[in-house]
Amino acid sequence: MINGDMIDPGTLNFQHIPVLLNECLTALNLKKNMVVVDATLGGAGHSREIAKRISGGTLVGLDRDTTALQFSAKVLADAPVEVRLVKCNFRDIADVLPSLGIEHVDAILADFGVSSYQIDTPERGFSYTQDAPLDMRMDTDATKTADTVVNGYPEGKLADIIWQYGEERYARKIASAIVAARPIRSTGHLVDVIKKAVPAGYGKTGGHPAKRTFQAIRIEVNQELESIEKFLNGAIQMLKPNGRLAVISFHSLEDRIVKQTFKREATDCLCPPKIPQCICGHRASVKLLTKKPICPTIEETESNPRSASAKLRVVSKL
């Protein structure tokens, strides 16, 4: 079953290298006949291997990107499981699964990284290395694009976004330069503006000078951080007892939300230390299975440099 508009998957060039694949498969504690959700389906790199291990079960794949869903439908066509693919934002997992007649599941995986296909497809506008339209939408049906942010946001709001979501030290200078250069019509033009706004040589050791600004704009366009905590709470709610939730994050903002949410949900009382008796009533709903995040091996980062910043955290439902 596929929810979403059909396109021809045979015409796609969708490459996907699953990050921390073996670590995820182990963390999810997969067995035959399980019901498992891949909340960020992408190119089905993780899902293809999950399906082999839950033979006879059900695999639910969620994604905002119609292209990803249609490509994955082809990849999973011969999988030994029931495959149900849904076009949606993963934040709505607690609404989507019941709509499919699924009350609880055995395991859930989420990989918050932007897919290689999205980065490497110029017209999607995610990359700062190729000139393309100012898009950056994970869901191409959405109305807000990078153009909305770059050419429409007031300077102060733009600077705040670049600072908060990109952790960019030159956020004010970059925002001022963007506003002065409007209208900016492409990613290449935006990169040129950013380069002129920062000191010469900036980015030589920490990556491309536009890297942080592009990250910030992408997060704003797709409302990524706002979605993560809602997803985590919904995912925990949908797990069966002893069910596993495994989450891969790629930058400190994402990982901080995952770490804090897991810590809170693994804690019985959230009252301030000075209060002698619990009055909050909060009770732990999960057990932390990773006190420290699992990171890629040297071998994986050498073969797939985009995996370098990945962190995997796992919990089990009580």
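Table for the structure above
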{"read-out": "Matching option when the condition is part of a loop (DSSP other than H, G, I, E, B) and in contact (Cβ under 8 Å) with a residue 60 or more places away in the chain, among Arg137, Arg169, Arg84, Arg91", "value": "Arg137"}
{"read-out": "Residues that are part of a helix (DSSP H, G or I), within 25 Å of Gln118 (Cα to Cα) and hydrophobic (A, V, I, L, M, F, W, C), drawn from region 194-219", "value": "Ile194, Phe214, Ala216, Ile217, Ile219"}
{"read-out": "Number of the condition not met by Tyr153 [criteria: (1) in the same structural domain as Ile184 (by TED's automatic domain parsing); (2) hydroxyl-bearing (Ser, Thr, Tyr); (3) closer than 22 Å to Arg91 by Cα]", "value": "(3)"}
{"read-out": "Search result, residues across region 34-76 that are in a strand (DSSP E or B), of a type in the set (A, V, I, L, M, F, W, C) and under 14 Å from the mean Cα position of the chain (by Cα)", "value": "Leu62"}
{"read-out": "Only one of Ser99, Ser116 that is more than 18 Å from Thr213 (Cα to Cα), polar (S, T, N, Q) and assigned by TED's automatic domain parsing to the domain that holds Phe231", "value": "Ser99"}
{"read-out": "Condition met for Leu253 (under 20 Å from Leu158 (Cα atoms), surrounded by 14 or more Cβ atoms within 10 Å (Cβ to Cβ) and assigned by TED's automatic domain parsing to the domain that holds Val36)", "value": "yes"}
{"read-out": "Total residues in region 194-225, condition in contact (Cβ under 8 Å) with a residue 40 or more places away in the chain and under 16 Å from the mean Cα position of the chain (by Cα)", "value": "11"}
{"read-out": "Some residue of region 306-316 being surrounded by fewer than 12 Cβ atoms within 10 Å (Cβ to Cβ) and at negative phi", "value": "no"}
{"read-out": "Region 279-294 - residue that is of a type in the set (A, V, I, L, M, F, W, C) and touching a residue at least 24 places away in the same chain (Cβ under 8 Å) and, of those, surrounded by the fewest Cβ atoms within 10 Å (Cβ to Cβ)", "value": "Ala284"}
{"read-out": "Yes/no for Ala110 being among the small types (Gly, Ala, Ser), crowded, with 17+ Cβ neighbours inside 10 Å and in contact with a Lys or Arg (Cβ under 6 Å, 6 or more places away or on another chain)", "value": "no"}
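Results for (1) in contact with a Cys (Cβ under 9 Å, 6 or more places away or on another chain); (2) more than 16 Å from Phe90 (Cβ to Cβ); (3) polar (S, T, N, Q); (4) modelled with pLDDT under 95, shown as yes or no for each residue.
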residue: Met1; (1), (2), (3), (4): no, yes, no, yes
residue: Gly10; (1), (2), (3), (4): no, yes, no, yes
residue: Asn13; (1), (2), (3), (4): no, yes, yes, yes
residue: Ile17; (1), (2), (3), (4): no, yes, no, yes
residue: Asn22; (1), (2), (3), (4): no, yes, yes, no
residue: Val35; (1), (2), (3), (4): no, yes, no, no
residue: His46; (1), (2), (3), (4): yes, no, no, no
residue: Gly61; (1), (2), (3), (4): no, no, no, no
residue: Ala68; (1), (2), (3), (4): no, no, no, yes
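Results for (1) among the β-branched types (Val, Ile, Thr); (2) closer than 20 Å to Arg124 by Cα; (3) in a helix (DSSP H, G or I); (4) within 24 Å of the chain's Cα centre (by Cα), shown as yes or no for each residue.
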{"position": "Thr148", "(1), (2), (3), (4)": "yes, yes, yes, yes"}
{"position": "Gly156", "(1), (2), (3), (4)": "no, no, yes, no"}
{"position": "Lys173", "(1), (2), (3), (4)": "no, no, yes, no"}
{"position": "Ile184", "(1), (2), (3), (4)": "yes, yes, no, no"}
{"position": "Gly188", "(1), (2), (3), (4)": "no, yes, yes, no"}
{"position": "Asp192", "(1), (2), (3), (4)": "no, yes, yes, no"}
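Listed here are the residues, each with its yes/no results for (1) outside any strand (DSSP E or B); (2) β-branched (Val, Ile, Thr); (3) in contact with a helix residue (DSSP H, G or I) (Cβ under 8 Å, 6 or more places away or on another chain); (4) surrounded by 15 or more Cβ atoms within 10 Å (Cβ to Cβ).
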position	(1), (2), (3), (4)
Val221	yes, yes, yes, yes
Lys230	yes, no, yes, yes
Asn242	no, no, no, no
Lys259	yes, no, no, yes
Gln277	yes, no, no, no
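To keep it simple, each residue is scored yes or no on (1) touching a helix residue (DSSP H, G or I) at 6+ places or on another chain (Cβ under 7 Å); (2) of a type in the set (A, V, I, L, M); (3) surrounded by 20 or more Cβ atoms within 10 Å (Cβ to Cβ).
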residue: Ile162; (1), (2), (3): yes, yes, yes
residue: Pro183; (1), (2), (3): yes, no, no
residue: Lys196; (1), (2), (3): yes, no, no
residue: Ala200; (1), (2), (3): no, yes, no
residue: Met238; (1), (2), (3): yes, yes, yes
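The values are calculated or read from the model by the stated rules, or taken from the named source; none is laboratory data. Keep in mind the model is a prediction, meaning the values are calculated, not measured. Positions of Cβ are generated from backbone atoms using ideal geometry, with glycine treated the same way; all protein chains shown enter the neighbour counts.
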